[in-house]
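What follows is one structure encoded as structure tokens, with my remarks underneath.
The numbers here are math on the coordinates, done by the rules we state, and not lab data. Bear in mind that the values here come from a model prediction, so they are computed numbers and not experimental data. Glycine also receives a Cβ, built like all others from the backbone with ideal geometry; neighbour counts cover every protein chain displayed.
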Amino acid sequence: MEGTMEAQAQQHMDKRLVICNWKAYLGIAESVRTAEAIAESFSDSEKGCLLAIAPTNLALCRVGEIISKAGISLCAQDIDIGGKGAKTGSTPIEVLEEAGCEFAIIGHSERRHRKAPETKESDALINRKLDICLNSQIIPILCTGETEEERYRGATNNAIKKQLVGGLEGISAEAKEGIEKLIVAYEPVWAISSNRISRIPDVTEVNEACKMIRRHLYSLFVKEKADRIRIIYGGSVEPANVSAYLSVNGIRGVLVGKAGTDAAKMEAMLKAVGSGPVAQLLPS
Ligand code: 13P
């Protein structure tokens, strides 16, 4: 198992990541159709990029069957804590592994900042989910990012620090050992297309956030492990801006929401990603 995980991690390490979070935008039939269209256009020239799709849970198996043939990975949008057993309504990690998920999104802002306070995800819960993923075959993508209000009052660094420290401090020794496989997404809440105000971050702002994330990772883990943790950007990524975000030093890929549900946009986006330079694949 250990050998497989290492091989998988190494194979991923050198590639640009494009992770599509389909959220709850598509039903099952729509997910199947969109997966087929994306799989069909995912050509060999783009295989320098690792594409993963996170459909709604109910479409995981069907989408997985379609995209795996095209070399596209499957991603879960979340995991539940606790394993198989008497847990009504739960989707444990073992079942996500069986469905073929290689990645899981953890701590997305749409789960952290839910309207009903009793359903908001806490850093403590996210911490448990990360520990579970880090002890499984699944690669966690930890979402971080400040709200508009936090940015306005200059609290971006504190918000990111709280999410990283709260999400990662005190994880088990085994999880810490395999921390290199972690991916951290910088996804400012105000830049997500569904809540966007007027603008999206420029490359300087993304670079600043990337440096903050790396600094906090250094405070949590030994440098050589922290250096290997990949940082990606999410928030209104489109074919027209994907190359600019990928040009930010230290940014290893993108987390795409709405645009990822549009096969034509994905074709254009992957063309742009596949032809970009490789010098950016260095740590920030
Ligand atoms: P958009 O690309 O629609 O802004 O969504 C980003 C996101 O939340 C991905 O997880």
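Assorted remarks:
- Among the listed pairs Lys181/Lys265; Lys84/Lys162; Lys84/Lys129; Lys211/Lys265; Lys23/Lys265; Lys23/Lys87, those whose Cα-Cα separation exceeds 20 Å are Lys181/Lys265; Lys84/Lys162; Lys211/Lys265; Lys23/Lys87.
- Straightening the chain between Ser172 and Glu36 buys 45.0 nm, computed as 0.36 nm per residue apart minus the Cα-Cα spacing.
- Between Thr119 and Glu94, the modelled label-to-label distance comes to 2.9 nm, taking each label 7 Å out from Cα in the direction of the beta carbon.
- Calculated over the range 138-284: convex hull of Cα atoms, volume per residue (Å³): 111
- Phi-derived couplings, Karplus 6.51 cos²θ - 1.76 cosθ + 1.60 at θ = phi - 60°, listed residue by residue for the range 171-182: 5, 4, 4, 5, 5, 5, 4, x, 5, 4, 6, 4 Hz, with x used for Gly and Pro.
- Net dipole in debye of the chain [+1 Lys, Arg Cβ; -1 Asp, Glu Cβ; about Cα centre; nearest 20]: 580
- Restriction of the chymotrypsin sites (Phe, Trp or Tyr not before Pro) in the range 163-238 to DSSP coil positions whose beta-carbon has at most 14 other beta-carbons within 10 angstrom yields no sites.
- 3J(HN,Hα) couplings calculated from phi for the range 106-118 with the Karplus curve 6.51 cos²θ - 1.76 cosθ + 1.60 (θ = phi - 60°) are, in sequence order, 10, x, 4, 4, 6, 9, 5, 10, 4, 5, 6, x, 6 Hz; Gly and Pro show x.
- Computed over the range 128-173, the convex hull of the alpha-carbon atoms projects to a mean area of 3.5 nm².
- Just checking the listed ones, Leu50, Leu168, Leu220: in the Gaussian network model of the chain with Cα springs under 10 Å, the one fluctuating most is Leu220.
- Chain lengthening between Ile28 and Glu224 when straightened (0.36 nm per residue, less Cα-Cα): 66.4 nm
- Approximate spin-label separation Ser43-Ser247, in nm, with each point projected 7 Å along Cα-to-Cβ: 2.4
- The chain: C-alpha gyration tensor shape, a/c 1.5 cut-off, then a/b vs b/c: rounded
- Under a 5 Å amide H cut-off, with hydrogens placed 1.01 Å from N, Gly234 pairs with Tyr186, Glu187, Leu255 among residues at least 5 apart or on other chains.
- Built amide H within the under 5 Å cut-off of Ser73, gap 5+: Leu51, Ala52, Ile53
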